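Trainee: Dropping the structure in here first, questions after.
The values are calculated or read from the model by the stated rules, or taken from the named source; none is laboratory data. The shown structure was predicted, so the numbers you read here are calculated from the model rather than taken from an experiment. Using ideal geometry, Cβ is built from the backbone for each residue, glycine included, and neighbour counts are taken over all protein chains shown. With ligands, DNA and RNA removed, areas are computed over all heavy atoms of the protein, side chains included. Shrake-Rupley method; radii C 1.70, N 1.55, O 1.52, S 1.80 Å.
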Amino acid sequence: MRSVLKNKSVFRIRCARCMCLAAGILFIGIGLVRQEHLEVMQKAVRICLECIGIG
């Protein structure tokens, strides 16, 4: 009986991990399609230039 409960909990943990991985991949894909990475890079450059006093 104990091994059946352990197998169910292991299965649930694996399902949760796979769902989180799938959600992460989905959101990365959506961000790439919307070209969000370019916006992030522009903001990073602006912040960096402000920190060193050029911008």
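Trainee: So what is log10(I(q)/I(0)) for the chain at q = 0.16, 0.18 1/Å, when the Debye sum runs over its Cα atoms only?
Mentor: Here log10 of I(q) over I(0) equals -0.67, -0.73.
Trainee: How large a share of the accessible area of the chain, in percent, is made up of carbon and sulfur atoms when the probe is 1.4 Å and the other protein chains stay in place?
Mentor: On the way: 3690 of 5380 Å².
In the chain, the share of accessible area belonging to carbon and sulfur is 69 percent.
Trainee: Under a crude label model (7 Å from the Cα following the beta-carbon direction), how far is Leu21 from Glu39 in nanometres?
Mentor: Placing both labels 7 Å along Cα→Cβ, they lie 2.9 nm apart.
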